[in-house]
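Coordinate-derived values only; no laboratory data. None of these values were measured; they are calculated from a predicted model. Note: ideal-geometry Cβ built from the backbone for every residue, glycine included; neighbour counts use all protein chains shown.
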Amino acid sequence: MVSQQRQRGFSLLEVTIAMTVFGVFLVVFFMLTAEMRDWEKRLPVNLMRNPQIAGVLGRMRRDVQDAWIPFGKTPYVNEHDGFSMSSPNTIILNVMQSTGGNQIIVWDFNTPGVARRIAYNVGFKNEWRAAGLPEDFAKNFTIGAVELNDRPYGVRITMKDDHGRVAIDQILQPRTHN
Amino acid sequence: MPRTMAAMRDQRGFSLVEVMVAFLVLTIVITVSLAAFLERNKRLQQATEIVLAYQALANEAEYRRRMPFTELESQPASFVSDTQVLDPLEPYGTAVKVEQVKPGVKSVTMTVRWRSGERSAQLSVLRVETGASSLW
């Protein structure tokens, strides 16, 4: 009974000081993170940090650089030209090998979460798969042709993140071959 | 029961020194954690910004590779490629500088600046005159 009488709550002054200190802390925290949050909203997801995506793009870059194209044509074509046909989720390339021969490479992004690279070489078929890509990878990933100087030499790869922000935009073009 | 009441009477609050030491420790822990969190986020943002900037630089390089060697100096001094990948860095600026290194060799330097010029990324390519048209 005696101890209960001694118990008392906090005074108004104590509560006010405690809340003021807490409020100051909150204001400082929000000020420090405001700019950071603003930039986070603007910046796309860094998809290049995904090792699968970086691996696919790296390998695809090499294929396009090694591609052989008839003069004035593009490694990416929308209509059948008697040689290859591509779509926004597929690219077909005629790639030169270090041995001097050619092989047809098909990059196929139509399977959710999977990138397939199929190489055809005189009766042999060889497939390389990158699994574990984001499920909506194919939906947000597009391949198109881009004009460089005066002709559609280039292949343009774009990918948006879940919020529709462009995260990947890369132009690739074949290199000269001797 | 009497023992419990006695024990309760013996209870006392923390002294001012104890509370202050506890607050000091808590403040240090919070400050260090917050600083580490902010620094980590800043670096992640910088990494994302640089990835965007270098994609734009590499794309511009592909355009400049295709331009005729003799007309490199007369080309626009800013990027001619589509720079939509740089939209999150608005306002940003782009610049292209062409210098003759020696006869038949030109250096093309592309620059992207953002955050009021505080940050920048640069890429240089050397163009060699091959005698052919529109080659790199």
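Structure notes:
- Put a dot 7 Å past the Cα of residue A:121, heading toward its Cβ, do the same for residue B:122, and the two dots end up 4.2 nm apart.
- Dipole of the protein assembly as shown, positive direction: furthest Cα of A:15, B:19, B:77, with charges on the beta-carbon: B:19
- Evaluated on the protein assembly as shown, the Kirkwood hydrodynamic radius is 24.3 Å, with distances taken between all distinct Cα atoms.
- Sites residue B:41 and residue A:147 - FRET efficiency at Förster radius 41 Å, r taken between beta-carbons, to 0.05: 0.55
- The ranking of A:25, A:141 from fewest to most other beta carbons within 10 Å of each one's beta carbon is A:25, A:141.
- Across q = 0.21 Å⁻¹, chain B modelled as identical point scatterers on its alpha-carbon atoms has Debye log10 I(q)/I(0) values of -1.16, in the order of the q list.
- Computing FRET efficiency as 1/(1 + (r/R0)^6) for residue B:75 and residue A:21, where r is the C-beta to C-beta distance and R0 is 45 Å, gives about 0.15.
- The protein assembly as shown, helix-only ellipticity at 222 nm - DSSP H runs n ≥ 4, -39,500 (n - 2.57), divided by all residues, nearest 500: -12500 deg cm²/dmol
- Each Cα pair under 8 Å and six or more residues apart adds its separation to the average, and for chain B the resulting relative contact order is 21 percent.
- Cross-link reach list, aspartates and glutamates versus residue B:106, counting only Cα pairs under 17 Å and skipping chain neighbours closer than eight places: B:60, B:62, B:71, B:73, B:129
- The charge dipole of chain B, taken about its Cα centre with unit charges on the Cβ atoms of Lys, Arg (+1), Asp and Glu (-1) only, comes to about 500 debye.
- Relative to the 2.2 N^0.38 Å rule of thumb, segment B:29-106 has a C-alpha radius of gyration ratio of 1.60.
- Loop-located GluC sites (Glu not before Pro) in segment B:31-66 (DSSP state other than H, G, I, E, B) with a sparse environment of at most 14 neighbouring Cβ atoms within 10 Å are absent.
- With a 10 Å cut-off around each Cβ of B:117-125, the average count of Cβ atoms from other chains is 0.
- Reach of residue A:41 by Cα under 19 Å, taken over lysines that are not fewer than 8 positions away in the same chain: A:160, B:42
- FRET efficiency, residue B:21 to residue A:30 (Cβ-Cβ, R0 30 Å, nearest 0.05): 0.60
- Residue order, fewest to most beta carbons within 10 Å, for B:20, A:96, B:67: B:20, A:96, B:67
- Least to most buried among B:29, B:105 (fewest other Cβ within 10 Å first): B:29, B:105
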